[in-house]
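Some notes on the structure that comes next.
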């Protein structure tokens, strides 16, 4: 029991690491650019994962997980990093991050639709609350109506669209992993693929040279640590800790992420944003609660 408690505590630190990712990616992007910054983060993150977890034996992986898992993971990380990197300012960065955090809700829906997980009627208000929360987040300080939300989206459709696509991609990745991975963990290999993809993108598009500085390097190290150690800690928690506690706690990431990013980026956010963030978290939690049956494996 003591070992399980320790492993659960380690797993919970992953939530804190992941909550810091949005703000840290933005900081690195401001110093090294959206593409070069992301390439550097995932390169350092890969090194951290290789040191803490080693490199997996890909010959043991089911082919469907190796191929589709890799494609979905790489696509998600591209959407996440670029949506944050291309945001126009700190406040928009946090809004984009909140759109990305629809993934817990979408993951639950995918698990119910495409796997053997069952859900009760609580999933309906959970989904609706998440959608209402995002609606409020995208309103900013404007009056609550659809036209004002659309005007906000028109300021930077690329970032918001990438964040939404990323939420769907992570839900698909999670579903594929749960169904076909057979306890294999390809995160280190997938991280390497993300790093290579970003470097190819960087050198292939003639991006401006990265401007290195002490502050930029420190932000890069922090972002890579948050990425790499977050995945490493989560793996320990999932394998040896209390999965129910970890699954429930993970749905508080949206609010924690918004708090950290607001403090880190010195962004002023409206009360409506915070209400939306809470609703996204509450909606995701209700969706998770709707799947919790005594004989079911937690999502």
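For residue 157, the conditions (1) surrounded by fewer than 22 Cβ atoms within 10 Å (Cβ to Cβ); (2) touching a helix residue (DSSP H, G or I) at 6+ places or on another chain (Cβ under 9 Å) are fulfilled apart from (2). Screening residue 33 against (1) at positive phi; (2) without any contact (Cβ under 8 Å) to a residue 12 or more places away in the chain leaves a single unmet condition, (2).
Looking at this structure, is residue 284 in contact (Cβ under 8 Å) with a residue 24 or more places away in the chain and over 20 Å from the mean Cα position of the chain (by Cα)? Against the criterion (in contact (Cβ under 8 Å) with a residue 24 or more places away in the chain and over 20 Å from the mean Cα position of the chain (by Cα)), residue 284 does not qualify. Residue under question is residue 279, and the condition is that it be modelled with pLDDT of 85 or more and either part of a helix (DSSP H, G or I) or touching a strand residue (DSSP E or B) at 6+ places or on another chain (Cβ under 6 Å) (or both); does it hold? Taking the combined requirement at face value, the residue satisfies it.
With respect to being in contact with a helix residue (DSSP H, G or I) (Cβ under 6 Å, 6 or more places away or on another chain), under 13 Å from residue 226 (Cβ atoms) and part of a helix (DSSP H, G or I), residue 45 fits the description.
Just one of the numbered conditions (1) within 30 Å of residue 268 (Cβ to Cβ); (2) assigned to a helix (DSSP H, G or I); (3) modelled with pLDDT under 90 is not true of residue 88: (2).
For the stretch 91-109, a tally of residues being assigned to a helix (DSSP H, G or I) and either free of Cβ contacts under 8 Å to residues at least 40 places away in the same chain or farther than 12 Å from residue 291 by Cα (or both) returns 13.
Every listed requirement among (1) under 14 Å from the mean Cα position of the chain (by Cα); (2) surrounded by fewer than 20 Cβ atoms within 10 Å (Cβ to Cβ); (3) over 22 Å from residue 26 (Cα atoms) is met by residue 252 save one, (3).
Out of the residues in the stretch 88-110 that are under 21 Å from residue 262 (Cα atoms) and over 16 Å from the mean Cα position of the chain (by Cα), which is surrounded by the fewest Cβ atoms within 10 Å (Cβ to Cβ)? Restricting to residues being under 21 Å from residue 262 (Cα atoms) and over 16 Å from the mean Cα position of the chain (by Cα), the top hit is 88. Out of 72, 82, 66, 113, one residue alone is surrounded by fewer than 19 Cβ atoms within 10 Å (Cβ to Cβ) and either touching a helix residue (DSSP H, G or I) at 6+ places or on another chain (Cβ under 7 Å) or more than 17 Å from residue 257 (Cα to Cα) (or both). It is 113.
Residues checked against (1) touching a helix residue (DSSP H, G or I) at 6+ places or on another chain (Cβ under 6 Å); (2) more than 25 Å from residue 11 (Cβ to Cβ):
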| position | (1), (2) |
| --- | --- |
| 192 | yes, no |
| 200 | no, yes |
| 227 | yes, no |
| 232 | yes, no |
| 235 | no, no |
| 241 | yes, no |
| 258 | yes, no |
| 269 | yes, yes |
| 273 | yes, yes |
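Of the residues in the stretch 159-179, none is at pLDDT below 90 and part of a loop (DSSP other than H, G, I, E, B).
The values are calculated or read from the model by the stated rules, or taken from the named source; none is laboratory data. As the structure is a prediction and not an experimental result, all values here were calculated from the model. Positions of Cβ are generated from backbone atoms using ideal geometry, with glycine treated the same way; all protein chains shown enter the neighbour counts.
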